Amino acid sequence: MTLPKACIFDLDGVIVDTVPAHFVAWKAMADELSIPFTEVDNEQLKGVSRTESMKRILAMGGMTKSNIEIEEMTTKKNHIYVEIISKMTPDDILPGVVEFLDLLDANNIAIALGSSSKNAPVILEAVGLAHRFPVSVDGNQIAHSKPHPEVFLLGADRLGLSPSECVVFEDAISGVQAAKRGNFKCVGVGDSTVLSEADVVIPDMKNIDLTIFDNL
């Protein structure tokens, strides 16, 4: 079995489930604008930057706003979101995650975070996982959101490794595309029909072991 030297994990949807919190916050903004917004619409914003997400919601309502107005709305959305996620606990870690991180540690496979979220540090602290990610790249440190590969390339660079030595775990199509554009092997976590561009797709993080790397 050929093992990678490191695994780089997306946060939202892989390590923790922040989708409900995002939905509540984005729906609050859409409601203010009288734009219908559903959980299906929310799924389309996975892995998309805050500003781009706001623009997409405005487009749903056939609206345009100035950059200043968009910034004001995204700031308001973020305040709602942060209030929710700051109350997260270790119980919000998705099933199988801690066990898999333990397995990687036991086999000397480095662990890193590659998230477009600017709130990643808040979430990791809230759920008690900050110490598990000695290398953590988030939205505060990058100029380009996924599907640009910057977040993963920066993570690999900080690990002192090449993309070919790392495996990315992602639940969003934009994240999978980012990994592939950066020449990383990618494990998709979720729906195989949505994440078909990933090298391997698993439904969730439950009960996975090192044999997952055999298929890469």
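The values are calculated or read from the model by the stated rules, or taken from the named source; none is laboratory data. Note that the structure is a prediction, hence the values are computed from the model and not measured. Ideal geometry is used to build each Cβ from the backbone, glycine not excepted, and the neighbour counts take in all protein chains shown. Accessible surface areas use protein heavy atoms only, side chains included; no ligands, DNA or RNA. Shrake-Rupley method; radii C 1.70, N 1.55, O 1.52, S 1.80 Å.
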Residue set E197, E150; condition at negative phi, without any contact (Cβ under 8 Å) to a residue 40 or more places away in the chain and in contact with a helix residue (DSSP H, G or I) (Cβ under 7 Å, 6 or more places away or on another chain); output residue E197
When restricted to G61, G128, the only residue at positive phi and open to solvent by less than 70 Å² (accessible area, probe 1.4 Å) is G128
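Just to verify a result, which residue in the range 164-194, among those that are assigned to a strand (DSSP E or B) and free of Cβ contacts under 8 Å to residues at least 40 places away in the same chain, is nearest to H144 (Cα to Cα)? Outline the logic, then answer.
Going through the range 164-194, the residues assigned to a strand (DSSP E or B) turn out to be 166-170, 185-189.
Those left that are additionally free of Cβ contacts under 8 Å to residues at least 40 places away in the same chain: 186-188.
On the way: C186: 19, V187: 22, G188: 21 Å.
Out of the qualifying residues, it is C186.
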#### Entry: Flag for S174 being out of contact with any Gly (no Cβ under 6 Å at 6 or more places or on another chain), within 15 Å of V14 (Cβ to Cβ), among the polar types (S, T, N, Q) and crowded, with 17+ Cβ neighbours inside 10 Å
no
Selection from the range 12-33 of residues at pLDDT below 95 and in a loop (DSSP other than H, G, I, E, B) yields G13, D17, T18
Residue set L154, L161; condition surrounded by fewer than 24 Cβ atoms within 10 Å (Cβ to Cβ), in a loop (DSSP other than H, G, I, E, B), touching a strand residue (DSSP E or B) at 6+ places or on another chain (Cβ under 6 Å) and not hydroxyl-bearing (S, T, Y); output residue L161
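Run down V167, V98 and say which single residue is open to solvent by less than 60 Å² (accessible area, probe 1.4 Å) and either at pLDDT below 95 or within 16 Å of the chain's Cα centre (by Cα) (or both).
Working: V98 fails: either at pLDDT below 95 or within 16 Å of the chain's Cα centre (by Cα) (or both).
Just one listed residue meets the conditions, V167.
Out of the range 100-119, which residues are charged (D, E, K, R) and either touching a residue at least 40 places away in the same chain (Cβ under 8 Å) or touching a helix residue (DSSP H, G or I) at 6+ places or on another chain (Cβ under 7 Å) (or both)?
So the first thing to find is which residues in the range 100-119 are charged (D, E, K, R), and the list is 102, 105, 118.
Within the range 100-119, just K118 meets the criteria.
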Answer with yes or no whether V122 is within 13 Å of the chain's Cα centre (by Cα) and either over 16 Å from K46 (Cβ atoms) or touching a residue at least 60 places away in the same chain (Cβ under 8 Å) (or both).
no
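Suppose the filter is free of Cβ contacts under 8 Å to residues at least 24 places away in the same chain, under 22 Å from P149 (Cα atoms) and more than 15 Å from the chain's Cα centre (by Cα); does T38 pass it?
Working: free of Cβ contacts under 8 Å to residues at least 24 places away in the same chain: yes; under 22 Å from P149 (Cα atoms): no; more than 15 Å from the chain's Cα centre (by Cα): yes.
Answer is no for this residue.
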Filtering the range 34-57 down to residues that are buried (at least 21 other Cβ atoms within 10 Å of the Cβ) and assigned to a helix (DSSP H, G or I) yields R50, S53, M54, I57
Within the range 89-130, residues in a helix (DSSP H, G or I) and under 18 Å from I202 (Cβ atoms) come out as V97, V98, E99, F100, L101, D102, L103, L104
